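Here is the structure we will look at.
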Amino acid sequence: MASVSVFANISQAPEDPILGVTVAYNKDSSPHKLNLGVGAYRTEEGKPLVLDVVRRAEKLLVSDISLKKEYLPITGLADFNKSSAKLILGSDSPAIQENRVATVQCLSGTGSLRVGAEFLKKHYNQHTIYIPSPTWGNHPKIFMMAGLSVKTYRYYDPATRGLDFEGLQQDLSAATSGSIVLLHACAHNPTGVDPTLDQWEHIRKLMRSKGLLPFFDSAYQGFASGSLDADAQSVRMFVADGGECLAAQSYAKNMGLYGERIGALSIVLTSADVARKVESQLKLVIRPMYSSPPIHGASIVATILNDREMYHDWTVELKAMADRIISMRKQLYDAMCAKGTPGDWSHIIKQIGMFTFTGLNPEQVAFMTSEYHVYMTSDGRISMAGLSSSKVTHLSDAMHAAVTRV
Ligand code: PGU
């Protein structure tokens, strides 16, 4: 047999800019190493967390012998879909009451975005999607792979470390009418900068006046403010005006179900008739991709969302995670102030959600990794959820050294 592979000329692909940080971290044998790359919650002890309410739901599922492992329908678990739409749109949403929402269970946030993008490519008359600059690194790839053409709109102003609201409005005003616009529902990744409610209202009016189609990415509901309702306000504003939109939800962060790959895509439409047809077409998108979604994560989420007491307990655990992140921001900010590190570090406490967009450049990040074993994405983003009180001094030492020496 010939020993030359038919793939001999294949090139080595680079590691993923976010998930590759964990690969590098795992290879580091230093006891001081700190992984602030991936947006995954860690406890004060630096350990991954399975929520107590998730453990309880799983125990119920395991002991219920009436449950089977049959295939789910193409659209997923019906109870899960219904509760997911309620969670993002609000339980009293007229769109839900009027059956104007098509919801399908998908493979976490990424899968929901991809299914939505494939659907738009097939059935929407505009194939350009505007994404914020910067945004989560996987966004452009997801939309390009689905065949959409990706453009950016200004979002973040490095000078103020805040929202470039002028630039955003100019770019959306100049967009071809009907274009799709990706919006982070809350806790913008990587900047931690969200529009105020007043600014959202301006964005909504501008987008509706131009017929731009909103596609919300909701990966952090509950993580920005600690309140599920407050973090869904942007989406609900757009639904309240009776117009259409898409929303991709992930339960990776807010229920800690990362590896269960559980999420949902909801498309809000103007009539029940269109919603039914859209759902029938979503099935045609899903069936050749992965046939039907997995059952376990959906069962956990549905169990929690449909039980009053468990739902309440979830909100308490979620708030505790959000509060720990907020406390980490305060501790890091205080440490930077105490050191007198040059620069204004108030953005650490002003930004919200899982990440702080530090403003550190790629050279400074590389220095922190090589000298201090602090791992983070090269754009200077740190996952506050990966920090704990005992590591604050180490991180602020590293940041101080990077700022003053690189
Ligand atoms: N949308 C945004 C804005 C995200 O930040 C993430 C995850 C997702 C969608 C997708 O999450 P699912 O796990 O598919 O539900 N971003 C994290 C996790 C690591 C990654 O890149 O997937 C991050 O660290 O940016």
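So here's what we get for this one:
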{"item": "Hey, Val54 within 16 Å of the ligand (Cβ to nearest atom), more than 30 Å from Thr358 (Cβ to Cβ) and assigned to a helix (DSSP H, G or I) or not", "result": "yes"}
{"item": "Residues located in the stretch 242-284, provided they are within 17 Å of Leu77 (Cα to Cα) and part of a strand (DSSP E or B)", "result": "Ala248, Gln249, Ser250, Ile262, Gly263, Ala264, Leu265, Ser266, Ile267"}
{"item": "Residues within the stretch 119-151 that are in a strand (DSSP E or B) and under 26 Å from Asp194 (Cβ atoms), tallied", "result": "8"}
{"item": "Total residues in the stretch 207-218, condition open to solvent by less than 30 Å² (accessible area, probe 1.4 Å) and either of a type in the set (Gly, Ala, Ser) or within 16 Å of the ligand (Cβ to nearest atom) (or both)", "result": "5"}
{"item": "Residue among Ser133, Ser177, Ser149 that alone is under 20 Å from Ile267 (Cα atoms), open to solvent by 50 Å² or more (accessible area, probe 1.4 Å) and not charged (D, E, K, R)", "result": "Ser177"}
{"item": "Unique match (being outside the structural domain of Ser91 (by TED's automatic domain parsing), in contact with a Ser or Thr (Cβ under 8 Å, 6 or more places away or on another chain) and at positive phi) among Gly343, Gly359, Gly380", "result": "Gly380"}
{"item": "Residues within the stretch 259-276 that are touching a residue at least 40 places away in the same chain (Cβ under 8 Å) and surrounded by fewer than 19 Cβ atoms within 10 Å (Cβ to Cβ), tallied", "result": "5"}
{"item": "Cβ pairs under 6 Å, 6+ apart, first in the stretch 119-138 and closer than 26 Å to Gly162 by Cα, second polar (S, T, N, Q) and within 11 Å of the ligand (Cβ to nearest atom)", "result": "Trp136/Asn189"}
{"item": "Criterion violated by Asp92 - all others in (1) farther than 19 Å from Glu279 by Cα; (2) within 16 Å of the ligand (Cβ to nearest atom); (3) assigned to a loop (DSSP other than H, G, I, E, B) satisfied", "result": "(2)"}
{"item": "Residue satisfying condition, being open to solvent by 50 Å² or more (accessible area, probe 1.4 Å) and within 16 Å of the ligand (Cβ to nearest atom), within set Leu67, Leu19", "result": "Leu19"}
{"item": "Which listed residue, of Ala24, Ala13, is over 24 Å from Asp323 (Cα atoms), among the aliphatic types (A, V, I, L, M) and loosely packed, with under 12 Cβ neighbours inside 10 Å", "result": "Ala13"}
{"item": "Residues within the stretch 219-241 that are part of a loop (DSSP other than H, G, I, E, B) and over 21 Å from Phe119 (Cβ atoms), tallied", "result": "11"}
{"item": "Residues of the stretch 177-206 that turn out to be assigned to a loop (DSSP other than H, G, I, E, B), within 16 Å of the ligand (Cβ to nearest atom) and β-branched (Val, Ile, Thr), as a count", "result": "2"}
{"item": "Of all residues making up the stretch 95-118, the number that are outside any strand (DSSP E or B) and either away from the ligand (no atom under 16 Å from the Cβ) or open to solvent by less than 20 Å² (accessible area, probe 1.4 Å) (or both)", "result": "14"}
{"item": "Among the candidates His184, His123, His188, residue that is farther than 27 Å from Leu360 by Cβ and at pLDDT 95 or above", "result": "His123"}
{"item": "Residues that are among the small types (Gly, Ala, Ser) and either open to solvent by less than 10 Å² (accessible area, probe 1.4 Å) or in contact (Cβ under 8 Å) with a residue 60 or more places away in the chain (or both), drawn from the stretch 152-174", "result": "Gly162, Gly167"}
{"item": "Candidate set from the stretch 368-382 (those that are closer than 22 Å to Tyr156 by Cβ and in contact with a strand residue (DSSP E or B) (Cβ under 6 Å, 6 or more places away or on another chain)); member that is nearest to the ligand (Cβ to nearest atom)", "result": "Arg381"}
{"item": "Filter result (under 25 Å from Phe355 (Cα atoms) and outside any helix (DSSP H, G or I)) within the stretch 159-176", "result": "Ala159, Thr160, Arg161, Gly162, Leu163, Asp164"}
{"item": "Where His188 falls short, out of the listed (1) open to solvent by less than 10 Å² (accessible area, probe 1.4 Å); (2) touching a Lys or Arg at 6+ places or on another chain (Cβ under 8 Å)", "result": "(2)"}
{"item": "Answer from Pro73, Pro48 - the residue that is open to solvent by 20 Å² or more (accessible area, probe 1.4 Å) and either within 16 Å of the ligand (Cβ to nearest atom) or closer than 23 Å to Asn189 by Cβ (or both)", "result": "Pro48"}
{"item": "Selection within the stretch 328-373 - open to solvent by less than 20 Å² (accessible area, probe 1.4 Å) and of a type in the set (Val, Ile, Thr)", "result": "Thr341, Ile348, Thr356, Thr358, Val365"}
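The values are calculated or read from the model by the stated rules, or taken from the named source; none is laboratory data. The structure displayed is predicted, hence computed values, not measured ones. Backbone-built Cβ (ideal geometry, glycine too); neighbour counts: all protein chains shown. Ligands, DNA and RNA are excluded from the accessible area calculation, which covers all protein heavy atoms including side chains. Shrake-Rupley method; radii C 1.70, N 1.55, O 1.52, S 1.80 Å.
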